[in-house]
Amino acid sequence: MQVDYHQFYSSRLGRYMEFKSYGHAGKPMIVFPSSGGRFFEYEDFKMIEAIAPFIENGLIRVYTPDSIDAETWLSKFGWPGDRARHHNAYDAYIIEELVPFVRHHANWKGGMIATGCSMGGYHSVNFYFRHPDVFDTVIALSGIYDARFFVGENIGDYDVYINSPVDYLKNMEDNHYLEAYRRGNIIICTGLGLWEEDTIRDTRAMEGILKAKSIPAWIDYWGYDVDHDWPWWRVQMPHFLGRLQDQGKLR
């Protein structure tokens, strides 16, 4: 498997940002780390190993950016609106700097996959719904989709609101966005086991909102033995990629 380390200066964040890429061809998949995770986390927790056949067969090319969660949603300091605006700078880094790099590096003009586990599940859903012109597929595993989990009831700030999928999707009326969502591939999964209480609640909320908006989505609840942990995510990810492959959607 081709594995490369990358680093470039982000003018949006004012720092060098690191990431790795895995594979030689295929649909680009951007993987967001779990809570405060680093760009090497997906490999360290054997997620790359779990999906290696898809990478080695040239179906997907994986990119694993760093997070800045400790400075934004997970920070204990600063007004929630300021933390949200700092996250928006990360959003700009991903969309305006990383995505163009990926398009050039992978020689890819089409839609991409957004994915992640836990906090990465939040990011993947948020990036997918905010940027359907970039992502046509999302695979979110055990995510939180309500910004109140991070900031309490301080949802009135606009920059917090636009990063809380259960809120902005409920109020979405823009047909350009709605039709893009309806054409996309939405997979949101949670187990019913240990440490999944918050993700179950938010997954059910997303399910209700998407149904109300007539947006097709695969909302999948796994068993009561399926915990919020890497061993299960290593099972879920190749399962969903396999289903997308069977449907001819990894292109």
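Using modelled amide H (1.01 Å from N, peptide plane; none on Pro or chain starts), what sits under 5 Å from the amide H of residue 27, excluding residues fewer than 5 places away?
60, 61
Residue by residue through the range 18-25, which ³J(HN,Hα) values in whole Hz follow from phi under the Karplus form 6.51 cos²θ - 1.76 cosθ + 1.60 (θ = phi - 60°), with glycine and proline marked x?
Going residue by residue, I get 9, 6, 10, 10, 10, x, 10, 6 Hz, with x marking Gly and Pro.
What is the fewest-to-most order of 79, 222, 73 by other Cβ atoms lying within 10 Å of their Cβ?
With the sparsest Cβ surroundings first, the list reads 79, 222, 73.
Name the residues of the range 45-83 whose amide N is less than 20 Å from a point 7 angstrom out from the Cα of residue 15 along the C-beta direction?
It comes to 64-83, nothing else.
Once R0 is set to 30 Å, what does the formula 1/(1 + (r/R0)^6) return for the Cβ-Cβ distance between residue 40 and residue 212, expressed as a FRET efficiency to the nearest 0.05?
Between residue 40 and residue 212 the formula returns 0.15.
Could you tell me whether the chain comes out rounded, prolate or oblate from its Cα gyration tensor? Rule is a ≥ b ≥ c as square roots of the eigenvalues, rounded for a/c under 1.5, then prolate if a/b exceeds b/c, otherwise oblate.
rounded
Can you list residues whose amide H is under 5 Å from residue 112's amide H, if they're 5+ apart or on another chain and H is modeled 1.01 Å from N?
Close amide H contacts, sequence-distant or interchain: 135, 136, 137.
Only counting other Cβ atoms within 10 Å, I'd like 112, 172, 1, 17 sorted with the fewest neighbours first.
Arranged by neighbour count, lowest to highest, 112, 172, 1, 17 become 1, 172, 17, 112.
Could you work out [θ]222 nm for the chain from helices alone, using -39500 (n - 2.57) per DSSP H run of at least four and dividing by all its residues? Round to the nearest 500 deg cm²/dmol.
-11000 deg cm²/dmol
Note down the net charge around residue 40, summing +1 for each Lys or Arg and -1 for each Asp or Glu among other residues with Cβ under 14 Å from its Cβ.
Local net charge: -4.
Taking the alpha-carbon centroid of each part, what is the distance from the range 131-153 to the range 86-124 in angstrom?
Spelled out, the Cα-based centre of one part sits 13 Å from the other.
For the chain, what's the relative contact order in percent, using C-alpha pairs closer than 8 Å and at least 6 residues apart?
Contact order relative to length: 17 percent.
Across the range 140-149, in residue order, what do the Karplus-derived ³J(HN,Hα) couplings come to in whole Hz, using 6.51 cos²θ - 1.76 cosθ + 1.60 with θ = phi - 60° and x for Gly and Pro?
3J(HN,Hα) across the range 140-149, in whole Hz: 9, 10, 6, x, 9, 10, 10, 5, 4, 4.
5 Å is the cut-off here: which amide hydrogens, built 1.01 Å from N in the peptide plane, fall below it relative to residue 34, excluding neighbours closer than 5 in sequence?
117, 120
Once R0 is set to 41 Å, what does the formula 1/(1 + (r/R0)^6) return for the Cβ-Cβ distance between residue 24 and residue 89, expressed as a FRET efficiency to the nearest 0.05?
Result of the calculation: an efficiency of 0.80.
What net charge do the residues around residue 81 carry, taking every other residue with its C-beta under 9 Å from that of residue 81, with Lys and Arg at +1 and Asp and Glu at -1?
Computed value for this residue: -1.
Apply the Karplus parameterisation 6.51 cos²θ - 1.76 cosθ + 1.60, with θ equal to phi minus 60°, to every residue of the range 126-131 and state each ³J(HN,Hα) to the nearest whole Hz, in sequence, with x for glycine and proline.
Per-residue couplings from phi come out as 5, 5, 4, 6, 7, 9 Hz.
Name the most mobile residue of 32, 77, 19, meaning the one with the largest mean-square fluctuation, in a Gaussian network model of the chain with Cα contacts below 10 Å.
Looking only at 32, 77, 19, the biggest GNM fluctuation is shown by 77.
Evaluate the distance, in nm, between pseudo-label points positioned 7 Å from the Cα of residue 104 and of residue 70 along their respective Cα→Cβ axes.
It works out to 3.0 nm between the two label points.
Run the quick spin-label model on residue 194 and residue 235: label points 7 Å from Cα toward the beta carbon, then report their separation in nm to one decimal.
1.5 nm
Any read-out appearing in this document is the output of simple, stated calculations on the displayed coordinates, not a laboratory observation. If you're wondering where the values come from, they're calculated on a predicted model, not measured in any experiment. Quick reminder, even Gly has a Cβ in these numbers, built from the backbone with ideal geometry, and neighbours come from all protein chains shown.
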